[in-house]
Amino acid sequence: MNFSRRLEIKTVQKMIMMYCNKMHDQKSELCTDCLYLLNYAEQRIDKCIYGDKKPVCSKCQVHCYKPEMRKKIKVIMKYSGPRMLLRSPILSLRYIYRKIFKSNNK
């Protein structure tokens with residue numbers, strides 16, 4: 001797996017952990033639902049049809065998440081996204097860079 005996909009998995013992991021810590025009162029590990037969503041997201045990222053040229057999900061033309069899972073991840077991203085700049089500024093900046101510059105070079 002290339003660097004950008006590993007980075008995307010790491011970003012999703014961080015976002016889900018932040019959400020689960022706050023909303024489900026989990027301190028050191030994910031609840032069952034969030035763990036299931038994380039595993040699902042990792043599989044989707046790993047099996048992306050774009051392979052190593054995978055764009056960030058928000059800029060992708062193909063939506064590979066099931067509608068129910070897509071709703072869940074949107075809720076998590078809405079909560080965690082703004083907080084990522086403070087908690088994980090490097091991950092946030094890398095994501096923003098990929099979203100702005102890498103997604104335009106398909």
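Any read-out appearing in this document is the output of simple, stated calculations on the displayed coordinates, not a laboratory observation. Just so you know, these numbers come straight off a predicted model, no measurement behind them. Note that we place each Cβ from the backbone using ideal geometry, even for glycine, and neighbour counts take in every protein chain shown.
Looking only at the stretch 42-55, count every residue that is outside any loop (DSSP other than H, G, I, E, B) and within 14 Å of the chain's Cα centre (by Cα) and tell me the total.
Filtering the stretch 42-55 down to residues outside any loop (DSSP other than H, G, I, E, B) leaves 42-46, 51-53.
Now restrict to residues that are within 14 Å of the chain's Cα centre (by Cα): 42-46.
Summing the residues that are outside any loop (DSSP other than H, G, I, E, B) and within 14 Å of the chain's Cα centre (by Cα) in the stretch 42-55 gives 5.
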Q. Failed condition for Ile90, given (1) assigned to a helix (DSSP H, G or I); (2) surrounded by 11 or more Cβ atoms within 10 Å (Cβ to Cβ); (3) aliphatic (A, V, I, L, M), with all others met?
A. (2)
(Q) Quick test of your reading of the structure: Lys27 fulfils all but one of (1) of a type outside the set (S, T, N, Q); (2) in contact (Cβ under 8 Å) with a residue 12 or more places away in the chain; (3) within 24 Å of Ile90 (Cα to Cα); (4) assigned to a loop (DSSP other than H, G, I, E, B). Name the failing condition by number. (A) (2)
Q. If you check every pair at least six apart or on different chains, which have Cβ atoms under 6 Å apart with a residue in the stretch 42-60 that is over 22 Å from Met17 (Cβ atoms) and touching a residue at least 40 places away in the same chain (Cβ under 8 Å) first and a residue that is of a type in the set (Ser, Thr, Tyr) and assigned to a loop (DSSP other than H, G, I, E, B) second?
A. Pro55/Ser103; Lys59/Ser103
Q) What's the number of the condition Ser58 fails, among (1) within 16 Å of Lys14 (Cα to Cα); (2) surrounded by fewer than 18 Cβ atoms within 10 Å (Cβ to Cβ); (3) under 12 Å from the mean Cα position of the chain (by Cα); (4) polar (S, T, N, Q)? A) (1)
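What about Ile16, is it surrounded by fewer than 18 Cβ atoms within 10 Å (Cβ to Cβ), on the phi < 0 side of the Ramachandran plot and part of a helix (DSSP H, G or I)? Write out each step before concluding.
Working: surrounded by fewer than 18 Cβ atoms within 10 Å (Cβ to Cβ): no; on the phi < 0 side of the Ramachandran plot: yes; part of a helix (DSSP H, G or I): yes.
Answer is no for this residue.
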